[in-house]
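The values are calculated or read from the model by the stated rules, or taken from the named source; none is laboratory data. On a predicted model such as this, the values are computed, not experimentally measured, just so you know. Neighbour counts are summed over all protein chains in view; Cβ atoms, including those assigned to glycine, are modelled from backbone coordinates with ideal geometry. Note: accessible area is taken over every heavy atom of the protein model, side chains too, but ligands, DNA and RNA are not part of it. Shrake-Rupley method; radii C 1.70, N 1.55, O 1.52, S 1.80 Å.
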Amino acid sequence: MKMVWILRSLVMAALFSLLYLYQTFYSLEGELTDRLVKEKRPVDERIVIVGIDEKTLSSISRNWLEWPRKTYVEVMQHLIDGRAKAVWLDILMTSKSEIAGDDQAMSAMVQKYPNIFLSTYYAFANGSGGGWQKPSFEVPASQLVHVNVFPDQDGVVREIPLAVETEERMVKAASVQLANRLLPSDQEIIYSEKGVWYRGTTPLVTNGRKEIPFIYAQPPLSKEGFRYYSLSDVLEQKVPVSAFRDAVVLIGAYAPSMNDAFATPISPTKMYGVEIHANMVQSLLDGKFYTYAPRSLGVALLFALSLFSGYLIDRYTMVKSILFLAGLFIAYTLIEILSIENGLLLPYVYPLALLASLFVWSMISHYRLERKERSYITQVFNRYVSPSIVKEILHHREDLQLGGTSKDVTVLFIDLRGFTSLSEQKPPGEIIAILNEYLQLCTEVIFNHQGTLDKFIGDGVMAFFGAPLDMGDHTEKAVMAALEMKQKAQNFPHPVSFGMGIHCGEVIVGNVGSKRRLDYTVIGDVVNLASRLESQAKPGQILVSEAVHEKMHNRCSTEFLGMREIKGKAQPIPIYEIR
């Protein structure tokens, strides 16, 4: 049985490891970890967004795809005149302009200023081919940046693709190029010949698509977010050129009709693509990105948690187990937060789901164990004590010791005097009925005084008071029970009466017997003396020891009968009668 909890823990760990490896709770995992990595923080004033918003669409044209490219040239010239460190246009220009000289003007602008970046996009093959979607005019390769973003399965953008690499070329992300314009030279994002990305000398752990999860700085459209200007205001020169000095400027869609918004972990409101890229730049500046824990580490965590929790559940009571599991729940969440602060994202839902399952298992197993224990105690003690005492035992069963313990109790022996001669005068059936009548009387009186019925011994009864539950007045209860039986026996229409013996002291109490049968009983010299006193009692007489007399002489009438020799005792002992 000691190995059962290990087996159960291993089964639970294996089950949740499979769920983790197959990412069964992917959406829930993403939603909960998003809340843990959410961290609003100040943004760099040098990151500026120039948005194509509703105001701009209304002032120029709502068909922004057909705008003259000279419009962008004019805006970018204004930004360059303001001595911006870099300008990036988050607009794909893959189709040739129908306006004469449009493409040439844009190409000339880009080639004149190496700090201007234009967008390209790699369309991954999906049955109908793919490839680079690049500007329709000549642009130096060093000034092309990719705008690929790969939302997760739940549609949320959580990672930066630092670059997109194909057989033709590797194109860095806009965020990488812009961040490098703001970072010190020894902290720039670089790609080594060994295929490792670094921020300065710190290696960045990326996945197969060169992505790294990052932590957003600000939610969409935040008043505390990035500096923002409408493109129409820049075009009309309502924004002074000094506003762009030493800044990296991102120009992009900022209107719902342009369909360039994505779900992010920082807010339920979708964020425009240009603002996502601004957050990516900020994350690279701050070093606020993290790495998913290796799957092997996640599996090891699940097994460790399961075994440790299983050990606690097996070792402690239900209440303590629940408290331990709740503590583990909180502790793991704190560990998760600390690990994120150190750049490592551990699995979160799966360990918590494992702990929750173990919590349910704890409740069920402890409930079943409790039911079994209650059933056992009820089955054992229903034979010995009254139903009210059984309920009391169940209520305090943590104090119950059935294996054997020393206790101070009072033992009462009762024998039916005159029954042998009566049995010679009556038929067997009537004799049994009379005997049962007297034994029923004894049982009811013993139970009424919270005594324990040990056993029937032919036409006699053995009982004790003070176990299994402790009681300070057990001697008084035994004497009161004896007096009540004596009084009630006088009302029976049969020529028989009781002879009783009572003694108190320390005994050994517990389950005694064999594997096939156990009895809850008491053993010791106190039992022997009580039995000897009963054997010397005349019909209707209650004999007690000096120990009982010392406790009861102020509460009831007692008479000293002298010193008597008792079998098993070397010296005569004082005997008293309760009247």
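For region 490-579, the solvent-accessible area of protein heavy atoms averages 55 Å² per residue (probe radius 1.4 Å; ligands and nucleic acids excluded).
Net charge near Trp197, counting Lys/Arg +1 and Asp/Glu -1 over other residues with Cβ under 14 Å of its Cβ? If you can, show how the numbers build up before the last one.
Values: positive: Lys172, Lys194, Arg199, Arg209, Lys210; negative: Glu159, Glu165, Glu188, Glu193, Glu211.
Residues near Trp197 contribute 0 overall.
Using R0 = 60 Å, the C-beta based FRET efficiency linking Gln490 and Glu341 works out to 0.10. Note on the chain: helix-only mean residue ellipticity at 222 nm, from DSSP H runs of 4+ residues weighted -39500 (n - 2.57) and normalised by residue number, equals -13000 deg cm²/dmol. In whole angstrom, the chain maps to an equivalent ellipsoid with semi-axes of 97, 21, 20, each derived as √(5λ) from the alpha carbon gyration tensor and ordered largest first.
Can you tell me what share of the DSSP beta bridges in the chain is antiparallel? A percent to the nearest 5 is fine. Show your work: numbers first, answer last.
On the way: 58 of 85 bridges.
That works out to approximately 70 percent antiparallel.
On region 445-579, 49 percent of the accessible area sits on carbon and sulfur atoms, based on a 1.4 Å probe.
Per-residue SASA remark: Met280, around 0 Å² accessible (1.4 Å probe; ligands, DNA and RNA not included). Work out the charge dipole of the chain with +1 on the Cβ of Lys and Arg and -1 on the Cβ of Asp and Glu about the Cα centre, then indicate which of Val241, Ala537, Val281 is farthest towards its positive end. The one lying farthest along the dipole's positive direction is Ala537. With 28 Å as the limit, the listed pairs Lys85/Lys194; Lys426/Lys486; Lys486/Lys567; Lys70/Lys223 have Lys85/Lys194; Lys70/Lys223 beyond it between alpha carbons.
Can you give the local net charge around Ile276? Use residues other than it whose beta-carbon is closer than 14 angstrom to its beta-carbon, Lys and Arg +1, Asp and Glu -1. Numbers along the way, then the final one.
Details: positive: Arg158, Lys270; negative: Asp90, Asp152, Glu159, Glu211, Asp260, Glu275.
Result for the local shell: -4.
Calculate, for Ser257 and Thr291, the FRET efficiency according to 1/(1 + (r/R0)^6) with r their C-beta to C-beta distance and R0 41 Å; round to the nearest 0.05. Working from the Cβ atoms, E equals 0.65.
Spatially, region 532-579 and region 1-72 are offset by 88 Å when compared through their Cα centroids. Surface exposure of region 274-366, expressed per residue as accessible area with a 1.4 Å probe, stands at 42 Å². Across the cross-link table entries Lys477/Lys538; Lys488/Lys551; Lys320/Lys455, which are compared at the Cα atoms, the separations over 29 Å belong to Lys320/Lys455.
Mean Kyte-Doolittle of at least 0.0 and a Cα length of 24 Å or more along the axis: which whole DSSP H helices of the chain meet both?
Correct list, ordered by number: 4-21, 295-315, 318-341, 349-381, 428-448.
Ligands, DNA and RNA left out, the accessible area of region 124-244 computed with a 1.4 Å probe is 47% carbon and sulfur.
How big is the Kirkwood radius of region 268-313, worked out from every pair of different alpha carbons and given in Å to one decimal?
Numbers: mean 1/r = 0.0710 Å⁻¹.
About 14.1 Å, per the Kirkwood formula over Cα pairs.
Each Lys and Arg Cβ is given +1 and each Asp and Glu Cβ -1; about its Cα centre, the chain then shows a dipole of about 840 debye. Full extension of the chain between Leu32 and Leu334 yields a length gain of 107.4 nm, computed as 0.36 nm times the residue separation minus the alpha carbon distance. Give the calculated FRET efficiency between Arg245 and Tyr198 to the nearest 0.05, with a Förster radius of 22 Å applied to their Cβ-Cβ distance. Efficiency for this residue pair is about 0.15.
Can you give the local net charge around Gly82? Use residues other than it whose beta-carbon is closer than 11 angstrom to its beta-carbon, Lys and Arg +1, Asp and Glu -1.
Working: positive: Arg83, Lys85, Arg245; negative: Asp81, Asp246.
Within the 11 Å Cβ shell, the charges total +1.
Can you give me the solvent accessible area of Tyr254 with a 1.4 Å probe, rounded to the nearest 10 Å²? Surface open to solvent at Tyr254 totals about 30 Å². Share of pairwise Cα-Cα distances greater than 22 Å in region 147-284 is 43 percent (whole percent).
Would you kindly calculate the mean projected area, averaged across all directions, of the convex hull enclosing the Cα atoms of region 15-107, in square nanometres?
Numbers: hull surface 43.6 nm².
About 10.9 nm², averaged over all directions.
Among the listed pairs Lys40/Lys270; Lys210/Lys270; Lys96/Lys134; Lys134/Lys172, which have their C-alpha atoms separated by more than 19 angstrom in this model? Check vs 19 Å cut-off fails for Lys210/Lys270.
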